[in-house]
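> Please see the structure below; I have some questions.
None of the figures in this text is laboratory data; all of them are computed from the coordinates on show. All figures in this text were calculated on a predicted structure; none of them were measured in a lab. Heads up, the Cβs are rebuilt from the backbone with ideal geometry, glycines too, and the neighbour counts pull from every protein chain shown.
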Amino acid sequence: MGRAAAGDTPADPDLVRRMRQGDESALELLYNRYGGLVYSLAMRIVGDPELAREVLQDTFLRSWDGRATYDPQRGRVAWWLMGIARNGAVDLLRSRTHQARLRERERLSADVPTNEKDTAEAFGLRRDVMHALRALPTAQRAAIELAYYSGMTQTEIARVLNEPLGTVKSRMREALDRLRGLLASSLERDVEGGRQS
């Protein structure tokens, strides 16, 4: 995609180029363009508005600090930002501070009985899904994450990724087929476990 004409909205790569030159207004434009999307993804992963806002802020701080690392050959700016957000959200969930918050919540809800076997199975399945997502090509993973973590339609995904709708549809179909194959043993294990209960 070429440079935007005067008066037009600047293209994402132009904004990153301006960020590399120290132009903070370019970061603000990217924030205005993708802040809602990043927040939605963060909210889907962390499940808490306060933590999602923390991930949102951290994502754009990291994009500013890492502006020299963006490589257009590896994907679009939106994918780059979503990758930063996803990694930041996962890091936050793994952090000691978050683990301490979870332990505190567990103490407060200690009166509620839980089925440890179900919790362990759910955790195992979630872990398997995360590994399977990482095994997808970047473009397929981006489309799936936008659909399932951000709740976007295929038309919205096509607009965000600046791809034809047909490309997004086929990419998602291929990704789902691949995920089905990667998760087949996990799903069979889950079904077998349900039969034994």
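> Report, by chain and number, residues whose modeled amide H sits under 5 Å from the one on Ala11, excluding near sequence neighbours (fewer than 5 apart, same chain).
It is Ala4, by chain and number.
> For Ala11 and Lys169, calculate 0.36 nm times their separation in residues minus their Cα-Cα distance, and state this gained length in nm to one decimal.
Numbers: separation 158, 0.36 × 158 = 56.88 nm, distance 2.39 nm.
Going from the current span to full extension adds 54.5 nm.
> For an R0 of 25 angstrom, estimate the FRET efficiency from the Cβ-Cβ distance between Arg134 and Leu93 and round to the nearest 0.05. Walk me through the numbers on the way to the answer.
Numbers: r = 15 Å, r/R0 = 0.62.
Efficiency at R0 = 25 Å is approximately 0.95.
> Give me Tyr34, Tyr148 ranked fewest to most by other Cβ atoms within 10 Å of their Cβ, as a rough exposure proxy. All intermediate terms of the calculation are to be shown ahead of the outcome.
Details: Tyr34 23, Tyr148 14.
Neighbour counts put them in this order, fewest first: Tyr148, Tyr34.
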